[in-house]
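Structure first, then comments.
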Amino acid sequence: MIFSLTEEQLAVQEAAREFAQNELKPGVIERDRDMIFPKEQVQKMGELGLLGMMVAPEYGGSGMDSLSYVLAMEEISKIDNSCSVVMSVNNSLVCWGIETYGTEEQKQKYLPKLASGEWIGSFCLSEPEAGSDATSQRTTAIDKGDHYVLNGTKNWITNGGTSSLHLVIAQTDADKGHHGINVLIVETSWDGVEIGAKEDKLGIRSSDTHTIMYNDVIVPKENRIGEDGFGFKFAMKTLAGGRIGIASQALGIAAGAYELALAYSKEREAFGKAISRHQAIAFKLADMATEIEAARLLVYRSAWLKDQKLSYDTASSMAKLFASEVAMRHTVEAVQIHGGYGFVKEYHVERLMRDAKITQIYEGTSEVQRIVISRSILKGQLYIPVYGGEQLEV
Ligand code: CAA
């Protein structure tokens, strides 16, 4: 086992860290307070190649591996999770989905725009009655020969107010259950795409999350991804990779809170010495460092499996489950270490604590990750894909 990063991966990590400190940190508190979408910052992320990190250079991307993407996500997420969720959805759900399963025409038409940040994408699966139970799609895409007619409502759509492209999961043939679901590329400028209300959220408050309505939207057949009925499998396969992105976001939140708590505890004195010298605080720091490192290993390993083209579905669920629980637990501890200062916005940790919560919910709740992991255990598959190197079926 080799745990070291390459020169290129270290350079990506360093560049992302500097970008987050210099470009994202200024104004992050105000953007969060006022729910201001980080338009300029996202544009700069596009210019730096952070929005199409794994997209091949021939389609305008950076052509990097998943581990580099995770390293960059971790650094951005230490500072601004409204930016890192844009990055995660655009990279691992939208770009990856189109590049892996799209036609050559779809890739050429859409990937350069998405990878450069000229367009931002959204992944439209969740519905008022289809969150964890994602097969219960009510949105319909009725087959009319050379096009589909799309109708329905999607909820909690990340980038919903700013995206130019939606990947919409919809039911074409209800009799076929999840085998009758399709995934369509929808341009938001098309007639009938209606952007609903913006959500006022607990965390990641400057990312824009909206309800979206589709009213008789005409979608050409060439905008379907994959064979007829591939939509649900597409969603599951894409989300398996998306969960690596959210796991790295959770890791960054936990690591960011830990770094703040460590620095504060070395400066703040009580009872005649730095609070880090009191065992009550030192043991908290020890637990944080240990669990964050364990989360990091799970997250990096799931990215490594993906890069090796080995099966990573269970590994990504384990990484997301553990990293998001660590993020929640240790951001609470980081606030506690800061005492009264932790409860005010100026010190950043309360924001990270609020941001941590969503990582236990989106792209599959912790309960959904436990479904995926336990089914894998019960099928006797767990250790085969993780350590034996089971070849990935794309
Ligand atoms: N790869 C390929 N196929 C898969 C798969 C995978 N990882 N997981 C499931 N499937 C296939 C199954 O093989 C099955 O197909 P067949 O019938 O042909 O065998 C089909 O999908 C249905 O699978 P299940 O019977 O396991 O389905 P289920 O109803 O029991 O649900 C579930 C499984 C894991 C709970 C799934 O519904 C799920 O992941 N739910 C959570 C959805 C989710 O993550 N939503 C997030 C919204 S997107 C978002 O948050 C983005 C954002 O903006 C931040």
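The values are calculated or read from the model by the stated rules, or taken from the named source; none is laboratory data. Quick caveat: nothing in here was measured; it's all calculated off a predicted structure. Glycine also receives a Cβ, built like all others from the backbone with ideal geometry; neighbour counts cover every protein chain displayed.
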>> What's the number of the only condition in (1) in contact (Cβ under 8 Å) with a residue 40 or more places away in the chain; (2) surrounded by fewer than 16 Cβ atoms within 10 Å (Cβ to Cβ); (3) over 26 Å from the mean Cα position of the chain (by Cα) that ALA280 fails to meet?
In response: (1)
>> Scan the stretch 351-365 and tell me whether some residue there is among the aromatic types (Phe, Trp, Tyr), in contact with a Ser or Thr (Cβ under 6 Å, 6 or more places away or on another chain) and farther than 19 Å from LEU285 by Cβ.
In response: no
> Quick one: GLY160 ticks every box in (1) at negative phi; (2) more than 16 Å from the ligand (Cβ to nearest atom); (3) assigned to a loop (DSSP other than H, G, I, E, B) bar one, so which box is it?
Replying inline: (2)
>> Six or more apart or on different chains, Cβ atoms under 8 Å: show the pairs whose first residue is in the stretch 136-162 and free of Cβ contacts under 8 Å to residues at least 40 places away in the same chain and whose second is part of a strand (DSSP E or B) and aromatic (Phe, Trp, Tyr).
In response: ILE142/TYR148
>> Criterion first (assigned to a helix (DSSP H, G or I), closer than 14 Å to ALA356 by Cα and either assigned by TED's automatic domain parsing to the domain that holds GLN369 or touching a His at 6+ places or on another chain (Cβ under 6 Å) (or both)) does ALA282 satisfy it?
In response: no
> Quick one: in the stretch 111-120, which of the residues that are out of contact with any strand residue (DSSP E or B) (no Cβ under 6 Å at 6 or more places or on another chain) and assigned to a helix (DSSP H, G or I) is farthest from the ligand (Cβ to nearest atom)?
Replying inline: PRO112
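Taking the options ILE218, ILE195, ILE292, name whichever one is part of a helix (DSSP H, G or I) and either more than 12 Å from the ligand (Cβ to nearest atom) or touching a Lys or Arg at 6+ places or on another chain (Cβ under 8 Å) (or both). Break it down into steps so the answer makes sense when it comes.
Numbers: ILE218 fails: part of a helix (DSSP H, G or I); ILE195 fails: part of a helix (DSSP H, G or I).
Testing whether each residue is part of a helix (DSSP H, G or I) and either more than 12 Å from the ligand (Cβ to nearest atom) or touching a Lys or Arg at 6+ places or on another chain (Cβ under 8 Å) (or both) leaves just ILE292.
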>> With the requirement that a residue be in a helix (DSSP H, G or I) and surrounded by fewer than 24 Cβ atoms within 10 Å (Cβ to Cβ), what does the stretch 256-277 give you?
In response: GLU259, LEU260, LEU262, ALA263, TYR264, SER265, LYS266, GLU267, ILE275, SER276, ARG277
> Only one of these conditions is not met by LEU165: (1) farther than 13 Å from PHE123 by Cβ; (2) touching a helix residue (DSSP H, G or I) at 6+ places or on another chain (Cβ under 8 Å). Which number is it?
Replying inline: (1)
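From the list HIS166, HIS147, which one is in contact with a Lys or Arg (Cβ under 9 Å, 6 or more places away or on another chain), surrounded by 20 or more Cβ atoms within 10 Å (Cβ to Cβ) and within 27 Å of GLU104 (Cβ to Cβ)?
Values: HIS147 fails: surrounded by 20 or more Cβ atoms within 10 Å (Cβ to Cβ).
Going through HIS166, HIS147 in turn, just one is in contact with a Lys or Arg (Cβ under 9 Å, 6 or more places away or on another chain), surrounded by 20 or more Cβ atoms within 10 Å (Cβ to Cβ) and within 27 Å of GLU104 (Cβ to Cβ): HIS166.
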>> Restricting to the stretch 169-180, give me the number of residues that are over 19 Å from TYR101 (Cβ atoms) and either crowded, with 21+ Cβ neighbours inside 10 Å or more than 12 Å from the ligand (Cβ to nearest atom) (or both).
In response: 3
> SER92 versus (1) within 14 Å of the ligand (Cβ to nearest atom); (2) part of a helix (DSSP H, G or I); (3) under 19 Å from PHE37 (Cα atoms): which is the lone unmet condition?
Replying inline: (3)
>> Suppose we filter ALA327, ALA334, ALA294 for residues that are crowded, with 20+ Cβ neighbours inside 10 Å, modelled with pLDDT of 95 or more and under 20 Å from the mean Cα position of the chain (by Cα); which single one remains?
In response: ALA327
> GLU104: assigned by TED's automatic domain parsing to the domain that holds ILE157 and either within 12 Å of the ligand (Cβ to nearest atom) or more than 16 Å from the chain's Cα centre (by Cα) (or both), yes or no?
Replying inline: no
>> What pairs come out if I take residues in the stretch 371-387 that are in the same structural domain as LEU298 (by TED's automatic domain parsing) and away from the ligand (no atom under 12 Å from the Cβ) and pair them with residues that are modelled with pLDDT under 85 and not in a helix (DSSP H, G or I) whose C-beta lies under 6 Å away, six or more apart or interchain?
In response: ILE384/GLU390
>> Condition first: modelled with pLDDT of 95 or more and among the small types (Gly, Ala, Ser). Now tell me which residues in the stretch 119-160 satisfy that.
In response: GLY121, SER122, SER126, ALA141, GLY145, GLY152, GLY160
>> Being in contact (Cβ under 8 Å) with a residue 60 or more places away in the chain, within 16 Å of the ligand (Cβ to nearest atom) and either over 16 Å from ALA327 (Cβ atoms) or assigned by TED's automatic domain parsing to the domain that holds ASN182 (or both): is that true of GLY245 here?
In response: no
